[in-house]
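A short reminder: the numbers here are calculations on the coordinates, not readings from a lab. Predicted model, so just to flag it, every value in this text is computed and none were measured. Using ideal geometry, Cβ is built from the backbone for each residue, glycine included, and neighbour counts are taken over all protein chains shown.
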Amino acid sequence: MFEQVIANHPFFIGMGEYNVNLIAEHCTNVDFKSGEFIFKNDTPAQQFYIIQHGKVALEVAGAKTGSVIIQTLRDGDILGWSWLFAPYRWHFDARSVEQTIALSIDGRWLREYCELDHDLGYIVMNRVAQLTIQRLQATRLQLLDLYGKSSERR
């Protein structure tokens, strides 16, 4: 049922038909209402998502600044990378900005499967690392917007 979505998504291209079909067996459809939290910072991270339709804000809560949107994800974007790295807890809040339909993938299963298939594990680790870099760059840009350049603060 989900094979076509997985096979055509850039994150999964090149993972082979067998792996795509296996991953598709560990997917479910999920639907989030506008304003609903998909996950919260420091809660267990055991899955990740392909956003099919909608918008999701990645947020960081600060004591002085309140909630700051780091990045807004849209159709086709991958949401979540914390399922792959110990201690397997979310590092941001994710909130649906509008009704959002996504494909939820069992990250815990995929992490365990990658331990058995190191070739696939390398591909997954590489692609998740790219997502992580994108999120960290977005965070850096938001911090620059919030606090300005270091020379301006003096």
Inset, instruction - May I ask you to derive the relative contact order of the chain, considering only C-alpha pairs under 8 Å and at least 6 residues apart, and to give it as an integer percent? - result: 27
Inset, instruction - Enumerate the amide H contacts of A45 below 5 Å, restricted to partners 5 or more residues apart or on another chain; note that Pro and chain-start residues carry no placed amide H. - result: R89, W90
Legend entry - Summed side-chain charge close to F48 - residues other than F48 whose Cβ falls under 13 Å, Lys, Arg +1, Asp, Glu -1: +2
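Full-extension gain between M125 and F37, please, as 0.36 nm times their residue separation minus the C-alpha to C-alpha distance.
Result: 29.1 nm gained on full extension.
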Legend entry - Extension gain from L143 to Y18, taking 0.36 nm per residue of separation minus the Cα-Cα distance: 40.8 nm
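Which of W83, W109 has the fewest other C-beta atoms within 10 Å, and how do the rest follow up to the most?
In order of increasing Cβ crowding within 10 Å: W109, W83.
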Legend entry - Approximate spin-label separation E25-W109, in nm, with each point projected 7 Å along Cα-to-Cβ: 0.8
Legend entry - Contour excess over end-to-end distance, with Cα ends at N8 and A61 and 0.36 nm allotted per residue: 15.6 nm
Inset, instruction - Scan around F39 for amide H atoms under 5 Å from its own, H built in the peptide plane at 1.01 Å from N, and keep only partners 5 or more places away or cross-chain. - result: A94
Inset, instruction - Using packing as a proxy for protection, rank 90-103, 37-50 so that the peptide with the highest average count of other Cβ atoms within 10 Å comes first. - result: 90-103, 37-50
Inset, instruction - Using every pair of alpha-carbon atoms in the chain, split the distances into 5 Å bins beginning at 0 and state the percent of pairs per bin, rounded to integers. - result: 2, 9, 17, 22, 19, 14, 8, 5, 3, 1, 0, 0
Legend entry - Cut-off 15 Å (backbone N to label point 7 Å along Cα→Cβ of H53), residues of the range 85-126: 98-103
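If we count every other residue with Cβ under 10 angstrom of D106's Cβ, Lys/Arg +1 and Asp/Glu -1, where does the sum land? The partial results should precede the final answer.
Values: positive: R108, R111; negative: E25, E112.
In short, 0.
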